[in-house]
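All of the numbers you see were taken from the coordinates with simple rules; none came from a lab. This structure is a prediction, so every number in the text was calculated from the model and none was measured. All Cβ positions, even for glycine, are placed from backbone atoms using ideal geometry, and neighbour counts span all protein chains on display.
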Amino acid sequence: MSSNPTRDRVNTQDESEHKRLPPWLRVKFNNNRAYHEVGALMQDQSIHTVCQEALCPNRGECWGAGTATYLLLGDVCTRACKFCDVKHGKPGPLDWEEPERIAQSVKAMKLEHAVVTSVNRDERRDGGAPIFAMLIRRIRQLQPGCSVEVLIPDFKGSLEALKIVMDARPDILNHNLETIPGLFKTIQPQSSYQASRSTLVNAKKLNADALTKSGLMVGLGETLDEIKETMQEIQSWDVDILTIGQYLQPSKNHLAVERFYPPEEFEELKEYGLELGFKWVESAALVRSSYHAAEQVRALRARPRTKAGAAEAATGTDRS
């Protein structure tokens, strides 16, 4: 699953579990009218969101503001990452009507920024990339001016699949590295660090004008220095935006939290990321990949654009 790694049940834990969380992780759920209206729209349109599937602690806030992160390619993932609460197993066939339903939802909500993620579809050679491209183009048709952010899988490192998505010219191409190299195979054994690296490097080469983005979770046994070293590596790939959030255990069957990072350490990581040269860093305990995504694209849209075309930029593309 390539959506935000910090899958949690902060709002559904029993009271005793909730009390064991540090104060900065105790979320008061925003159960407002807009939240229910967005939820009803999703259910009526048979649309999946990562907000629901991953039980994101920010969904009350985001839905209350009329925003959501759509989950594309169904709701069953072909991988079984040890941190993720999204269902895994053998998915059904792709639903080619899904892009139309989601685009119509974007129009109905009058979104200015749409975030779309997906499960992994490793049974397909293209990983479901054509549906991402269809959705990006359809959103542009139905909701002109709406920026589009896609949080994609690694497509098993397929340059061809990535190119299908990049040719549709998303405003932000997001792929989460998730963790430090030393823990990569422990938490996501079916994924490849090299495939994730190539995804981010090649995205920028295929479209130099696109903003690229990645995310890390903390609290799985890494050290602060190891996080900083990983941040250095991500920045060397010309990634523009970085998100850092606390891992929270979805259930007893998932990896346990080794450590809760205090707010001051998240602030330290934010300052360090900006010093490294990231254009935007979101770093806090409850930060998720799509948190404040609209603000990011609005703030960075005005940055100078290169004149290199996608075809020209593809020359020398990283195939490692």
- Message: Can you compute 3J(HN,Hα) from phi for each residue in the stretch 270-276, using the Karplus curve 6.51 cos²θ - 1.76 cosθ + 1.60 with θ = phi - 60°, rounded to whole Hz and x for Gly and Pro?
- Response: 4, 4, 5, x, 5, 5, 5
- Other residues with Cβ under 11 Å from the Cβ of Ala168 give, with Lys and Arg +1 and Asp and Glu -1, a net charge of +3
- Tell me the trypsin sites (Lys or Arg not before Pro) within the stretch 218-278 that lie in a loop according to DSSP and have at most 12 other beta-carbon atoms within 10 Å. Lys252
- Task: With a 10 Å radius around each residue's Cβ, average the other Cβ atoms per peptide and rank 192-198, 124-130, 221-227, highest first.
- Result: 124-130, 192-198, 221-227
- Item | Nearest-0.05 FRET efficiency for Ala108 and Gln194, computed from C-beta distance (R0 56 Å) | 0.90
